[in-house]
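The values are calculated or read from the model by the stated rules, or taken from the named source; none is laboratory data. Keep in mind it's a predicted model, so treat the numbers as computed, not measured. Cβ sites come from the backbone with ideal geometry, for glycine too, and all protein chains shown count toward neighbours.
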């Protein structure tokens, strides 16, 4: 899914600028049009023209959205109207970006816009939240819709926090290992260079390789930076294309443990999101489409969007999901049972809870596997450099011993 930059005029005549996620230029234009925006400029974002924030705007994450929804429910249950509730929420919100968006929504609702319509004018609110709010307003059960979204965002934030926390230690170890290598090559090895010159003769192959590497790092370090930057730029450019995203996703899905984690994460989000939408009374096809758009992995996103098309034709939900080959049998059986018994929401909620726990277990397993691998790699590199340093020294001591004898 690409990012498109737009500029247009809303129903009140104000100029709106921002970005929208879509599969194509046509889909982006249709999405903006459905929001009541007359598009004047629309172009695909790139590394050169994407909107970049240097600390001016703080990102609004799942945790902030969860707090917003939860507080809205608490205030609404106290009998406070939407306009007053939004004003109170704006005062309590610490995130400046979200605070500004809530104030804008408050002003537009006061002018006569619906809650969902006012949210749609702000780029910080996810499409899922907007659709759920719209469904809640239409059914007269806004509190339940917002409560469901609070649960959804809190679960999403918790899973992300679990993965981030689990990955922190391996990342720190990797950085330390890289720092040790750089120090050894730029400080330690050069200090022994004069000793190697005094020894003379033929140095061990490992010593010559390390000395050459040290010399290259000290004199040609800019080449290393250029190569790294080129690789990152090429990867990001390739990964910005749909085919590139598919290929990267396929590779990651085949990776040991990590591929299993991706599968369980997407199953958890799919089940949780679809259960929330179905519980709010949204139509099945629309709920599946919205759920598909919330998935980060392009393979799962395309599979679920294709499922929406199949369901619209009268096919059971579980059949196209099974045909995709991406969903494990457990969740497929739960969905099939839910369809047969008419209790799909409960089955999806049970599946979401199961895969939430599986994500945590798999993350811990992945961390426990990565830690010894990184430590062994670090020990191997250090031992190699020590061998490169002490190999010539042992040769020199043997020569001195032979001369003394």
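Annotations for the structure displayed:
- Those residues of the stretch 365-397 which are touching a helix residue (DSSP H, G or I) at 6+ places or on another chain (Cβ under 8 Å) and within 20 Å of residue 175 (Cα to Cα), in sequence order: 366, 367, 370, 371, 374, 375, 377, 378, 381, 382, 384, 385
- Any hit, the stretch 360-369, residues being surrounded by 13 or more Cβ atoms within 10 Å (Cβ to Cβ) and either over 23 Å from the mean Cα position of the chain (by Cα) or not in a helix (DSSP H, G or I) (or both): no
- Total residues in the stretch 1-10 satisfying the condition of being modelled with pLDDT of 70 or more and in contact with a helix residue (DSSP H, G or I) (Cβ under 9 Å, 6 or more places away or on another chain): the figure is 3.
- No other residue among 147, 134, 143 is surrounded by fewer than 19 Cβ atoms within 10 Å (Cβ to Cβ) and touching a helix residue (DSSP H, G or I) at 6+ places or on another chain (Cβ under 6 Å) apart from 143.
- Extreme residue, modelled with the highest pLDDT, among residues of the stretch 32-65 that are part of a helix (DSSP H, G or I) and closer than 20 Å to residue 137 by Cβ: 65
- Residue list for the stretch 83-124, restricted to those being surrounded by fewer than 19 Cβ atoms within 10 Å (Cβ to Cβ), under 23 Å from residue 62 (Cβ atoms) and in contact (Cβ under 8 Å) with a residue 24 or more places away in the chain: 96, 97, 123
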